[in-house]
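J.: Mind having a look at this structure? Questions to follow.
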Amino acid sequence: MSKIFISNWKMNPQSFSEAEELLKSALKFKASNIKIVLCPPFVWLRDLILKSKNKIEFGAQNMFFEEKGAFTGEISYKMLKNIGVKYVILGHSERRNIFGEINEMISKKVFAAISNNLVPILCVGENLNIRKKGKKIFEKFVLSQLEFSLGKLIQNKIFNKEIIIAYEPVWAISGSGLGIADTPENAKNMISLIKNFLFKNGFKKFLVLYGGSLNSSNVLNFFSQKEIDGGLVGSASVNPDEFSKMIQILNKGLKNK
Ligand code: PGA
(Lines give C-alpha, C1' and ligand atoms only; values in the text may rest on other atoms or scores of the structure.)
Protein backbone atom coordinates (compact mmCIF):
# COMPACT_ATOMS: atom_id res chain seq x y z
CA MET A 1 0.00 0.00 0.00
CA SER A 2 1.30 3.48 -0.78
CA LYS A 3 2.37 5.71 2.08
CA ILE A 4 0.45 8.87 2.85
CA PHE A 5 1.82 12.41 2.97
CA ILE A 6 -0.53 14.82 4.71
CA SER A 7 0.30 18.46 4.30
CA ASN A 8 -0.83 20.63 7.20
CA TRP A 9 -0.66 24.22 5.96
CA LYS A 10 -1.58 25.63 9.40
CA MET A 11 -2.31 29.40 9.12
CA ASN A 12 -0.59 29.68 5.73
CA PRO A 13 -0.47 31.07 3.06
CA GLN A 14 -1.96 34.54 3.29
CA SER A 15 -3.29 34.87 -0.27
CA PHE A 16 -5.28 32.63 -2.58
CA SER A 17 -2.71 33.01 -5.36
CA GLU A 18 -0.06 31.48 -3.09
CA ALA A 19 -2.50 28.73 -2.14
CA GLU A 20 -2.97 28.00 -5.85
CA GLU A 21 0.80 27.72 -6.27
CA LEU A 22 0.88 25.08 -3.55
CA LEU A 23 -1.98 23.21 -5.19
CA LYS A 24 -0.11 23.31 -8.51
CA SER A 25 3.00 21.76 -6.98
CA ALA A 26 0.87 18.98 -5.49
CA LEU A 27 -0.98 18.32 -8.76
CA LYS A 28 2.34 17.69 -10.51
CA PHE A 29 2.51 14.51 -8.42
CA LYS A 30 -1.00 13.20 -8.94
CA ALA A 31 0.41 9.99 -10.39
CA SER A 32 2.86 9.64 -7.53
CA ASN A 33 3.41 6.47 -5.47
CA ILE A 34 2.76 8.59 -2.43
CA LYS A 35 -0.80 9.52 -1.57
CA ILE A 36 -0.98 13.27 -0.98
CA VAL A 37 -3.65 14.99 1.15
CA LEU A 38 -3.73 18.78 1.44
CA CYS A 39 -5.08 20.49 4.57
CA PRO A 40 -5.35 24.23 3.83
CA PRO A 41 -7.05 26.83 6.05
CA PHE A 42 -10.87 26.83 5.86
CA VAL A 43 -11.05 29.99 3.72
CA TRP A 44 -9.15 28.40 0.82
CA LEU A 45 -10.63 24.91 1.03
CA ARG A 46 -13.68 25.15 -1.21
CA ASP A 47 -12.02 27.00 -4.08
CA LEU A 48 -8.99 24.70 -4.02
CA ILE A 49 -11.25 21.65 -4.08
CA LEU A 50 -13.08 23.03 -7.11
CA LYS A 51 -9.79 23.88 -8.84
CA SER A 52 -8.33 20.46 -8.18
CA LYS A 53 -11.12 18.72 -10.14
CA ASN A 54 -10.98 15.63 -7.92
CA LYS A 55 -7.34 14.97 -8.74
CA ILE A 56 -6.23 15.27 -5.13
CA GLU A 57 -7.85 14.80 -1.72
CA PHE A 58 -8.39 17.42 0.95
CA GLY A 59 -8.60 17.64 4.70
CA ALA A 60 -9.60 20.39 7.13
CA GLN A 61 -7.47 21.38 10.12
CA ASN A 62 -10.29 21.25 12.67
CA MET A 63 -14.09 21.08 12.99
CA PHE A 64 -16.80 21.31 15.62
CA PHE A 65 -18.81 18.32 16.79
CA GLU A 66 -22.27 19.85 16.28
CA GLU A 67 -23.96 19.96 12.89
CA LYS A 68 -25.27 23.57 13.07
CA GLY A 69 -26.38 26.33 15.38
CA ALA A 70 -25.18 29.08 17.67
CA PHE A 71 -21.44 28.35 17.75
CA THR A 72 -19.76 31.57 16.65
CA GLY A 73 -16.54 31.02 14.76
CA GLU A 74 -16.95 27.27 14.36
CA ILE A 75 -17.15 25.07 11.25
CA SER A 76 -19.32 21.93 11.22
CA TYR A 77 -18.64 18.48 9.79
CA LYS A 78 -21.66 18.95 7.56
CA MET A 79 -20.14 22.07 5.97
CA LEU A 80 -16.92 20.17 5.34
CA LYS A 81 -18.76 17.22 3.82
CA ASN A 82 -20.80 19.53 1.60
CA ILE A 83 -17.74 21.01 -0.06
CA GLY A 84 -16.03 17.66 -0.66
CA VAL A 85 -13.58 17.42 2.24
CA LYS A 86 -12.56 13.86 3.09
CA TYR A 87 -10.20 14.16 6.09
CA VAL A 88 -10.03 16.29 9.21
CA ILE A 89 -7.09 16.89 11.56
CA LEU A 90 -8.30 16.69 15.19
CA GLY A 91 -6.57 17.28 18.49
CA HIS A 92 -3.46 18.87 16.99
CA SER A 93 -1.13 19.95 19.82
CA GLU A 94 -1.47 23.58 18.75
CA ARG A 95 -5.24 23.29 19.26
CA ARG A 96 -4.73 21.49 22.57
CA ASN A 97 -2.16 23.96 23.89
CA ILE A 98 -3.19 27.31 22.43
CA PHE A 99 -6.97 26.83 22.28
CA GLY A 100 -7.44 24.61 25.32
CA GLU A 101 -8.87 21.56 23.56
CA ILE A 102 -9.11 18.61 25.89
CA ASN A 103 -9.41 14.88 25.20
CA GLU A 104 -13.12 14.86 26.03
CA MET A 105 -13.87 17.47 23.37
CA ILE A 106 -11.56 15.75 20.89
CA SER A 107 -13.33 12.45 21.51
CA LYS A 108 -16.66 14.10 20.54
CA LYS A 109 -15.07 15.51 17.41
CA VAL A 110 -13.57 12.15 16.40
CA PHE A 111 -16.96 10.50 16.93
CA ALA A 112 -18.80 13.20 14.94
CA ALA A 113 -16.26 12.97 12.09
CA ILE A 114 -16.49 9.18 11.84
CA SER A 115 -20.27 9.19 12.13
CA ASN A 116 -20.37 11.51 9.14
CA ASN A 117 -17.86 9.68 6.99
CA LEU A 118 -14.95 12.05 7.43
CA VAL A 119 -11.63 10.37 8.19
CA PRO A 120 -10.16 11.80 11.40
CA ILE A 121 -6.43 12.43 11.61
CA LEU A 122 -6.06 12.33 15.38
CA CYS A 123 -2.85 13.86 16.73
CA VAL A 124 -1.20 12.63 19.92
CA GLY A 125 2.23 13.25 21.40
CA GLU A 126 4.08 14.15 24.58
CA ASN A 127 5.58 17.53 25.47
CA LEU A 128 9.21 18.03 26.45
CA ASN A 129 8.63 17.77 30.22
CA ILE A 130 6.93 14.43 29.81
CA ARG A 131 9.53 13.20 27.34
CA LYS A 132 12.27 13.99 29.86
CA LYS A 133 10.60 11.74 32.43
CA GLY A 134 11.58 8.68 30.42
CA LYS A 135 10.18 6.12 28.03
CA LYS A 136 7.71 4.41 30.39
CA ILE A 137 6.11 7.74 31.32
CA PHE A 138 5.87 9.21 27.84
CA GLU A 139 4.54 5.98 26.38
CA LYS A 140 1.87 5.87 29.06
CA PHE A 141 0.96 9.49 28.39
CA VAL A 142 0.47 8.95 24.65
CA LEU A 143 -1.59 5.80 25.25
CA SER A 144 -3.84 7.66 27.66
CA GLN A 145 -4.33 10.50 25.14
CA LEU A 146 -5.35 7.85 22.62
CA GLU A 147 -7.65 6.05 25.00
CA PHE A 148 -9.50 9.24 25.93
CA SER A 149 -9.56 10.81 22.47
CA LEU A 150 -10.97 7.59 21.01
CA GLY A 151 -13.24 7.11 24.04
CA LYS A 152 -16.56 7.61 22.27
CA LEU A 153 -15.59 5.24 19.46
CA ILE A 154 -14.56 2.58 21.97
CA GLN A 155 -17.76 3.03 24.03
CA ASN A 156 -19.91 2.78 20.91
CA LYS A 157 -17.83 -0.07 19.47
CA ILE A 158 -17.14 1.71 16.20
CA PHE A 159 -14.12 -0.18 14.95
CA ASN A 160 -14.75 -0.65 11.26
CA LYS A 161 -14.23 2.90 9.99
CA GLU A 162 -10.97 4.30 8.70
CA ILE A 163 -8.94 6.36 11.20
CA ILE A 164 -5.51 7.95 11.02
CA ILE A 165 -3.36 8.64 14.07
CA ALA A 166 -0.43 11.04 13.86
CA TYR A 167 2.24 10.62 16.51
CA GLU A 168 3.62 14.13 16.87
CA PRO A 169 5.88 14.78 19.85
CA VAL A 170 4.99 18.39 20.76
CA TRP A 171 8.64 19.44 21.17
CA ALA A 172 9.51 18.13 17.70
CA ILE A 173 7.10 20.42 15.84
CA SER A 174 8.67 23.38 14.07
CA GLY A 175 7.15 26.73 15.00
CA SER A 176 5.29 25.63 18.12
CA GLY A 177 7.99 23.26 19.44
CA LEU A 178 11.77 23.13 19.29
CA GLY A 179 11.81 22.14 15.63
CA ILE A 180 14.04 19.11 16.15
CA ALA A 181 12.67 15.92 14.63
CA ASP A 182 12.40 12.81 16.79
CA THR A 183 14.60 9.87 15.81
CA PRO A 184 13.12 7.44 13.26
CA GLU A 185 13.88 4.74 15.84
CA ASN A 186 11.68 6.27 18.56
CA ALA A 187 8.97 7.21 16.05
CA LYS A 188 8.94 3.62 14.83
CA ASN A 189 8.66 2.25 18.40
CA MET A 190 5.88 4.66 19.34
CA ILE A 191 4.00 3.83 16.16
CA SER A 192 4.24 0.11 16.91
CA LEU A 193 2.96 0.79 20.43
CA ILE A 194 0.03 2.82 19.05
CA LYS A 195 -0.78 0.13 16.46
CA ASN A 196 -0.74 -2.49 19.16
CA PHE A 197 -3.15 -0.42 21.26
CA LEU A 198 -5.53 0.04 18.31
CA PHE A 199 -5.39 -3.61 17.39
CA LYS A 200 -5.98 -4.76 20.95
CA ASN A 201 -9.00 -2.46 21.29
CA GLY A 202 -10.57 -3.89 18.14
CA PHE A 203 -9.87 -1.16 15.55
CA LYS A 204 -9.61 -2.64 12.09
CA LYS A 205 -8.74 0.12 9.61
CA PHE A 206 -6.00 2.41 10.76
CA LEU A 207 -2.85 4.13 9.60
CA VAL A 208 -0.31 5.60 11.99
CA LEU A 209 1.92 8.47 10.87
CA TYR A 210 4.80 10.46 12.29
CA GLY A 211 4.85 14.28 12.37
CA GLY A 212 7.33 16.87 13.64
CA SER A 213 9.99 18.73 11.61
CA LEU A 214 9.89 16.47 8.58
CA ASN A 215 11.75 17.99 5.64
CA SER A 216 13.65 16.93 2.53
CA SER A 217 16.73 15.90 4.49
CA ASN A 218 14.98 13.48 6.88
CA VAL A 219 11.65 12.48 5.32
CA LEU A 220 12.95 9.30 3.68
CA ASN A 221 14.47 8.07 6.95
CA PHE A 222 11.01 8.10 8.51
CA PHE A 223 8.93 6.93 5.55
CA SER A 224 11.25 4.01 4.84
CA GLN A 225 10.48 2.43 8.24
CA LYS A 226 7.92 -0.27 7.53
CA GLU A 227 5.94 0.49 10.73
CA ILE A 228 5.45 4.15 9.72
CA ASP A 229 2.54 4.57 7.29
CA GLY A 230 3.45 8.13 6.32
CA GLY A 231 3.79 11.64 7.70
CA LEU A 232 1.95 14.77 8.76
CA VAL A 233 4.09 17.60 7.46
CA GLY A 234 3.73 21.27 8.42
CA SER A 235 6.16 24.11 7.62
CA ALA A 236 8.28 22.31 5.03
CA SER A 237 5.17 21.45 3.01
CA VAL A 238 4.06 25.07 2.59
CA ASN A 239 7.19 25.86 0.62
CA PRO A 240 6.46 24.68 -2.96
CA ASP A 241 10.13 23.83 -3.71
CA GLU A 242 10.64 21.91 -0.49
CA PHE A 243 7.30 20.15 -0.96
CA SER A 244 8.27 19.00 -4.48
CA LYS A 245 11.69 17.91 -3.28
CA MET A 246 10.19 15.78 -0.50
CA ILE A 247 7.75 14.02 -2.83
CA GLN A 248 10.50 13.40 -5.40
CA ILE A 249 12.82 11.96 -2.77
CA LEU A 250 10.05 9.69 -1.47
CA ASN A 251 8.99 8.51 -4.91
CA LYS A 252 12.56 7.63 -5.79
CA GLY A 253 13.61 6.27 -2.41
CA LEU A 254 10.55 4.09 -1.77
CA LYS A 255 10.30 2.70 -5.29
CA ASN A 256 11.80 -0.66 -4.48
CA LYS A 257 10.37 -1.10 -1.01
P1 PGA B 1 6.04 20.69 11.30
O2 PGA B 1 4.54 20.51 11.78
O3 PGA B 1 6.25 19.76 10.14
O4 PGA B 1 6.11 22.15 10.89
O5 PGA B 1 6.92 20.40 12.45
C6 PGA B 1 3.91 19.28 11.81
C7 PGA B 1 2.54 19.46 12.41
O8 PGA B 1 2.41 20.27 13.33
O9 PGA B 1 1.57 18.82 11.97
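The values are calculated or read from the model by the stated rules, or taken from the named source; none is laboratory data. Given the structure is predicted, the values throughout are model-derived calculations rather than measurements. No Cβ is skipped: glycine too gets one built from the backbone with ideal geometry, and neighbour counts run over all protein chains shown. Just the protein is used for accessible areas: all its heavy atoms, side chains included, with ligands, DNA and RNA removed. Shrake-Rupley method; radii C 1.70, N 1.55, O 1.52, S 1.80 Å.
J.: Take the range 182-201 and flag every residue that is touching a residue at least 40 places away in the same chain (Cβ under 8 Å) and open to solvent by 20 Å² or more (accessible area, probe 1.4 Å).
T.: Of everything in the range 182-201, those that are touching a residue at least 40 places away in the same chain (Cβ under 8 Å) and open to solvent by 20 Å² or more (accessible area, probe 1.4 Å) turn out to be Pro184, Lys188, Leu193, Phe197, Asn201.
J.: Within the range 216-232, can you find the residues that are under 14 Å from the mean Cα position of the chain (by Cα) and not in a loop (DSSP other than H, G, I, E, B)? Spell out how you get there, then give the answer.
T.: Narrowing the range 216-232 to residues under 14 Å from the mean Cα position of the chain (by Cα): 228-232.
Within the range 216-232, Gly230, Gly231, Leu232 meet the criteria.
J.: Something else about it: Which of the residues spanning the range 151-174 are under 13 Å from Lys108 (Cα atoms) and either open to solvent by less than 40 Å² (accessible area, probe 1.4 Å) or in a helix (DSSP H, G or I) (or both)?
T.: Within the range 151-174, Gly151, Lys152, Leu153, Ile154, Gln155 qualify.
J.: Among all residue pairs at least 6 apart or on different chains, which show Cβ distances below 7 Å where the first residue, located in the range 125-153, is closer than 18 Å to Ser176 by Cβ and the second is of a type outside the set (Lys, Arg) and surrounded by fewer than 17 Cβ atoms within 10 Å (Cβ to Cβ)?
T.: From residues that are closer than 18 Å to Ser176 by Cβ, the pairs are Ile130/Ile137.
To keep it simple, each residue is scored yes or no on (1) within 16 Å of the ligand (Cβ to nearest atom); (2) under 30 Å from Ser144 (Cβ atoms); (3) of a type in the set (A, V, I, L, M, F, W, C).
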{"site": "Lys10", "(1), (2), (3)": "yes, yes, no"}
{"site": "Leu27", "(1), (2), (3)": "no, no, yes"}
{"site": "Lys30", "(1), (2), (3)": "no, no, no"}
{"site": "Leu45", "(1), (2), (3)": "no, no, yes"}
{"site": "Ile75", "(1), (2), (3)": "no, yes, yes"}
{"site": "Lys78", "(1), (2), (3)": "no, no, no"}
{"site": "Ile83", "(1), (2), (3)": "no, no, yes"}
{"site": "Ser93", "(1), (2), (3)": "yes, yes, no"}
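J.: I'd like to verify a number: residues in the range 95-110 that are among the charged types (D, E, K, R) and outside any helix (DSSP H, G or I), how many?
T.: Total meeting the criteria: 1.
J.: Here is a further query. Of the numbered conditions (1) within 14 Å of the ligand (Cβ to nearest atom); (2) surrounded by fewer than 19 Cβ atoms within 10 Å (Cβ to Cβ), Val124 fails exactly one; give the number of that condition.
T.: (2)
Residue by residue, here is whether (1) part of a helix (DSSP H, G or I); (2) farther than 21 Å from Asn62 by Cα holds:
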| site | (1), (2) |
| --- | --- |
| Ala112 | yes, no |
| Asn129 | yes, yes |
| Phe138 | yes, yes |
| Val208 | no, no |
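J.: Can you name every residue in the range 179-215 that is touching a helix residue (DSSP H, G or I) at 6+ places or on another chain (Cβ under 7 Å) and near the ligand (Cβ under 10 Å from one of its atoms)?
T.: Within the range 179-215, the subset touching a helix residue (DSSP H, G or I) at 6+ places or on another chain (Cβ under 7 Å) is 180-182, 184, 187, 190, 193-194, 197, 201, 206, 208, 210, 212-215.
Answer for the range 179-215, where residues must be touching a helix residue (DSSP H, G or I) at 6+ places or on another chain (Cβ under 7 Å) and near the ligand (Cβ under 10 Å from one of its atoms): Ile180, Ala181, Tyr210, Gly212, Ser213, Leu214, Asn215.
J.: Just wondering, is there one or more residues in the range 84-91 that are of a type outside the set (Gly, Ala, Ser), more than 30 Å from Lys245 (Cβ to Cβ), outside any loop (DSSP other than H, G, I, E, B) and at pLDDT 95 or above?
T.: Let us first name the residues in the range 84-91 that are of a type outside the set (Gly, Ala, Ser), namely 85-90.
Applying the additional criterion that residues be more than 30 Å from Lys245 (Cβ to Cβ) yields none.
Within the range 84-91, not a single residue is of a type outside the set (Gly, Ala, Ser), more than 30 Å from Lys245 (Cβ to Cβ), outside any loop (DSSP other than H, G, I, E, B) and at pLDDT 95 or above.
J.: Something else about it: Inspect all residues belonging to the range 151-174 and state whether any of them is within 16 Å of the ligand (Cβ to nearest atom), more than 23 Å from Ser224 (Cα to Cα), touching a helix residue (DSSP H, G or I) at 6+ places or on another chain (Cβ under 6 Å) and not acidic (Asp, Glu).
T.: Among the residues of the range 151-174, not one is within 16 Å of the ligand (Cβ to nearest atom), more than 23 Å from Ser224 (Cα to Cα), touching a helix residue (DSSP H, G or I) at 6+ places or on another chain (Cβ under 6 Å) and not acidic (Asp, Glu), which makes the answer no.
J.: To continue, here is another question. Pick out the one residue from Ser224, Ser213, Ser217, Ser235 that is of a type outside the set (A, V, I, L, M, F, W, C) and open to solvent by less than 30 Å² (accessible area, probe 1.4 Å).
T.: Ser213
J.: Turning to a different aspect of this structure: Being among the basic types (Lys, Arg) and within 18 Å of the chain's Cα centre (by Cα) is the filter; apply it to the range 1-39 and report the residue that is most open to solvent (accessible area, probe 1.4 Å).
T.: For the range 1-39, the residue satisfying everything is Lys35.
J.: Restricting the first residue to the range 47-75 and requiring it to be farther than 18 Å from Val110 by Cα, which pairs with a second residue that is of a type in the set (D, E, K, R) and part of a loop (DSSP other than H, G, I, E, B) meet a Cβ separation below 8 Å and a spacing of at least six or different chains?
T.: Lys55/Lys30; Ile56/Lys30; Glu57/Lys86
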